[in-house]
Amino acid sequence: MSGEEVAVAPNEVAAAIGEPMDVNTALPLVIRKSRAHGGLVRGLHEAAKAIEKHNAHLCVLAEDCDQPDYVKLVKALCADHNVKVLCAPSAKTLGEWAGLCKIDSEGKARKVVGCGCVVVKDYGEQHEAVEVVQQYKD
């Protein structure tokens, strides 16, 4: 099955060849890998359940979330259960990373749905991006 060995995502190739990764380039890769391995939950209800069950490793909030109660709840849950909180630039960007969009024939995201919060329950395979995100301090 040589087809499986050759298939590598373009983001991985760029990250592997380029300079050392920072958290802004590592975070989308971690979220996409987690989604591919079934370890990503999206939305407030699922995120709260995952954090309460101590299944969460990482929580990502959208910076442009306009509901202060939403942000306050997620940050309080994460603080109580020692879960690291990182911020994504926007809800639309976070939704695209989390797979809440359609991909057209050119490979561009269309009809992106905003997402306020995602929680990573399983990183999937261990790679450089996971290490960068785990070592990141706010």
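Taking square-rooted eigenvalues a ≥ b ≥ c of the alpha carbon gyration tensor, is the range 71-134 rounded, prolate or oblate, where a/c under 1.5 means rounded and, failing that, a/b exceeding b/c means prolate?
Judged from the Cα gyration tensor, the range 71-134 comes out oblate (a/c at least 1.5, b/c at or above a/b).
Assign one of three labels to the range 29-138, namely rounded, prolate or oblate, based on the Cα gyration tensor with a ≥ b ≥ c the square roots of its eigenvalues; rounded applies when a/c is under 1.5, prolate when it is not and a/b is larger than b/c, and oblate otherwise.
oblate
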Checklist entry - Can you give me the Cα centroid spacing of the range 54-95 and the range 105-120 in angstrom? => result 17 Å
Checklist entry - Check Lys84: other-chain or 5+ apart residues with amide H under 5 Å from its amide H, H built from backbone geometry? => result Cys59
Checklist entry - Which values, in whole Å and largest first, are the semi-axes of the equivalent ellipsoid of the range 18-75 obtained as the square root of 5 times each eigenvalue of the Cα gyration tensor? => result 23, 16, 9
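No value in this document is a laboratory result; all are computed from the given coordinates. Because the structure is predicted, anything quoted here is derived from the model rather than measured.
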